[in-house]
Amino acid sequence: MLRNAMSQLLGTRRSREPQPPGAGDGGVQLPVPPALSASLGCDAVGVPAGYGFRLMSHLPRTGCVFADAERWWWIVPAGSDQDLGWPAQVAYARGAYVSAVRPRLIHAPDSRTPYTPPIPLFLMVCQITGVAPSWAASADGPPAVPAG
């Protein structure tokens with residue numbers, strides 16, 4: 001009985017170790033192929049699967065793309081959500097931890113980088129979803145000019 005209590009206590013302690021964002025949410029981390037350099041870290045942008053082919057055909061350069069039945073996941077540099085108002089249909093996953101069922105790599109880039117450039121992806125996603133692109137005001141940017 002004492003051994004059981006100690007096992008439970010130690011097991012509880014182990015579960016409190018820091019985990020990457022999204023890891024404890026039942027997500028899976030998208031595995032960037034080891035031959036590619038992901039020196040900027042990785043996040044993922046998930047779009048409904050119905051938009052996948054259209055996005056891929058209109059982007060000037062595409063990095064790693066993963067897919068399952070629900071979404072296509074585009075690998076972008078870490079922090080690609082900063083100052084961007086991604087449309088509501090989009091799921092942004094820090095650390096490329098996604099809530100997906102058996103995502104598989106469906107596109108590998110020709111270059112040695114796994115990334116899809118986030119700004120062209122953002123603009124295309126906004127166009128396809130019918131949402132006007134919005135950028136958050138940066139504290140370091142120029143002051144806003146009042147209308148009127």
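The values are calculated or read from the model by the stated rules, or taken from the named source; none is laboratory data. As the structure is a prediction and not an experimental result, all values here were calculated from the model. Cβ sites come from the backbone with ideal geometry, for glycine too, and all protein chains shown count toward neighbours.
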Kindly state which strands (runs of 3 or more DSSP E) lie completely within segment 63-116 and contain at least 3 residues that are hydrophobic (A, V, I, L, M, F, W, C), surrounded by 15 or more Cβ atoms within 10 Å (Cβ to Cβ) and touching a strand residue (DSSP E or B) at 6+ places or on another chain (Cβ under 9 Å). 65-67, 71-77
Of the residues in segment 117-132, those that are surrounded by fewer than 15 Cβ atoms within 10 Å (Cβ to Cβ) and β-branched (V, I, T) come to I119
Of all residues in segment 52-62 being outside any helix (DSSP H, G or I) and surrounded by fewer than 16 Cβ atoms within 10 Å (Cβ to Cβ), the one that is nearest to the chain's Cα centre (by Cα): R61
Going through segment 52-66 in order, the residues found to be touching a Pro at 6+ places or on another chain (Cβ under 8 Å) and charged (D, E, K, R) are R61
Only listed residue being at pLDDT below 95, of a type in the set (A, V, I, L, M) and farther than 25 Å from G27 by Cβ, chosen from V101, V145: V145
